[in-house]
1. Which ranges mark the helices (runs of 4 or more DSSP H) fully within segment 141-219 that have 2 or more residues being out of contact with any strand residue (DSSP E or B) (no Cβ under 7 Å at 6 or more places or on another chain), modelled with pLDDT under 95 and surrounded by fewer than 19 Cβ atoms within 10 Å (Cβ to Cβ)?
2. Taking segment 228-268 as the region of interest, how many residues are at pLDDT below 75 and closer than 13 Å to Leu316 by Cβ?
3. Taking segment 438-466 as the search range and keeping residues that are part of a loop (DSSP other than H, G, I, E, B) and small (Gly, Ala, Ser), which one is surrounded by the most Cβ atoms within 10 Å (Cβ to Cβ)?
4. Take Gly235 and decide whether it is touching a Gly at 6+ places or on another chain (Cβ under 9 Å), buried (at least 20 other Cβ atoms within 10 Å of the Cβ) and either of a type in the set (Ser, Thr, Tyr) or farther than 23 Å from Phe294 by Cα (or both).
5. Would you tally the residues in segment 365-400 being more than 26 Å from the chain's Cα centre (by Cα) and assigned to a loop (DSSP other than H, G, I, E, B)?
6. Within the bounds of segment 332-352, is there any residue that is within 19 Å of Phe170 (Cβ to Cβ), surrounded by fewer than 22 Cβ atoms within 10 Å (Cβ to Cβ) and modelled with pLDDT of 95 or more?
7. Name the single residue that is farthest from Leu78 (Cα to Cα) among those in segment 420-437 being of a type outside the set (Lys, Arg) and in a helix (DSSP H, G or I).
8. Applying the selection to segment 402-416, what residues are in contact (Cβ under 8 Å) with a residue 12 or more places away in the chain and in a loop (DSSP other than H, G, I, E, B)?
Amino acid sequence: MPSFERPSLMQVLLGPIIIYALYYIHWELTVGASRRAMIKRHGCKPMKNYLELNSFPENIIGIKTVMENIRAAKEHRLMVHNRARYLRTGSNMHIKFFFTDLIQTIEPENIKTMLALDFNKWGVGNRRKDAFVPLLGHGIFTTDGAAWQNSRDLLRPNFVRSQVGDLATFEIHVDQLIKAIPKDGSTVNLQDLFFMLTMDSATEFLFGESTNCLAPESSHENTEFAEAFNRSQEGVAESFRTGKMGQWLRGSMTKKDREYCHYFVDKFVQKALEYRKKLDVENTVAKADDRYIFLYELVKKTKDPVQLRSELMNILLAGRDTTASLLSDTWFVLARRPDIWAKLREEVDALGGEKPTFRQIKDMKYLKWVFNESLRMYPVVPGNTRCAAIDTILPLGGGEDGKSPLFIPKGQYVQWSLYTMHRRKDFYGEDSEDFRPERWEKLRPGWEYLPFNGGPRICIGQQFALTEASYTTIRLMQEFKSIESRDDRPWIEGLTLTCAIHQGTLVGLTPAQSQSNPRNVP
């Protein structure tokens, strides 16, 4: 009977070693050679290595950095923590998060390159898709390339001025907001009311039926949807920051909330599809005087129920949270700055108590300055990320001084902090950390100011959000003569997918002596 010798460890490993060696040689002769040529051609230099970020052994795979970020997030100071890191290291840095390499930048030229100049070389990346798609589906915020362009083309026509300027419908919800505010000067959390307001108005605009969260008779189902949507966003944010670990931590609760959100929206999608089917069968068109409904316009272009739900979920996230956060931040400041309140009241009083028209809102300069400053100091989306779709170059970040071009390999994530960039003294002056609306009288920023993103993916609903925030502010100031802060704490970040105020906007409001009764309907 033949005997077989057991192979040695070296013999076992020899095959894989040879395969790896051949792969490495092939990679060096192809990809490696191409990258070295690109680096030489563009004069790229490696990033400066900051010992505190990549020290051995405690931070070699980013454990120290991750733990510091987790601690800062729990203490609601993650944005402040990240800004302090930038102030110590400079405008560009390389950080490890476990085994993920991340480049961070606050250089406008780098952001301009990613968002505009080399737009097609960058995408949102799988990490964002893995976190966002389970809730939002494949829509305008979660896709790249042709799929993204299709979503953009589908949605953009619905944000024309005639829809954005429909203030008469919005007034119904603002009236509910005014009724919900105590008239005896007792403390109210305006942030809670602002999120109800924007949920009500967004669902009215998108679905044709409002959740009416502000109304006393609001249904349990509508309220549950708003709460499930909030919890789902928290789950998405956690998953985005921690990967699959975040999904495991939240478990079935996130799935349950997500499924309820889909069920709620799908009801309106089916209703819209029935409406479209009826028009097709009867060979008729919608009447010119029919009320505008975003969803009913979408079904004219696609009958895919999953795509319709996905686009609605994407727009609902943007249309509701951004406006509510902007209002909350702005009124947080108004309650603490009587000088700004007085100047803004003077502009509002010039309307003579009448409801503002779209044109009048556009002409109110100081109101615009106040919102610009609010978005600078407290950007609603305080940071963003892109992933390189191919090997490419950023104009800054290389070398000891960070002024040389930087090579970016395919798959590399680059993150930027608007919260930090918007407070740079070289862009906004020595008082960059002060809330001063007057700076906008002469300030004409470029890519150093990006509250609504930039390039082809610039927010298509920014005018919608600003119009709603402006109208709400004007109407509240017409109804209440004074405001008082009921919270002595500083602004504290409440960070999920967007950024609100952790403690809310706690104020007391005093009604005008003679309650205004605006005469015209915009």
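1. In segment 141-219, 145-155, 161-164, 167-180 are the helices (runs of 4 or more DSSP H) which contain 2 or more residues that are out of contact with any strand residue (DSSP E or B) (no Cβ under 7 Å at 6 or more places or on another chain), modelled with pLDDT under 95 and surrounded by fewer than 19 Cβ atoms within 10 Å (Cβ to Cβ).
2. 0
3. Selected residue: Gly461.
4. yes
5. Number of matching residues: 2.
6. Yes: one or more hits.
7. Going through the qualifying residues, I end up with Pro437.
8. Gly402, Pro409, Lys410, Gly411, Gln412
The values are calculated or read from the model by the stated rules, or taken from the named source; none is laboratory data. These numbers come from a predicted model, not from an experiment. Please note: Cβ atoms are built from the backbone with ideal geometry, for glycine as well, and neighbour counts cover all protein chains shown.
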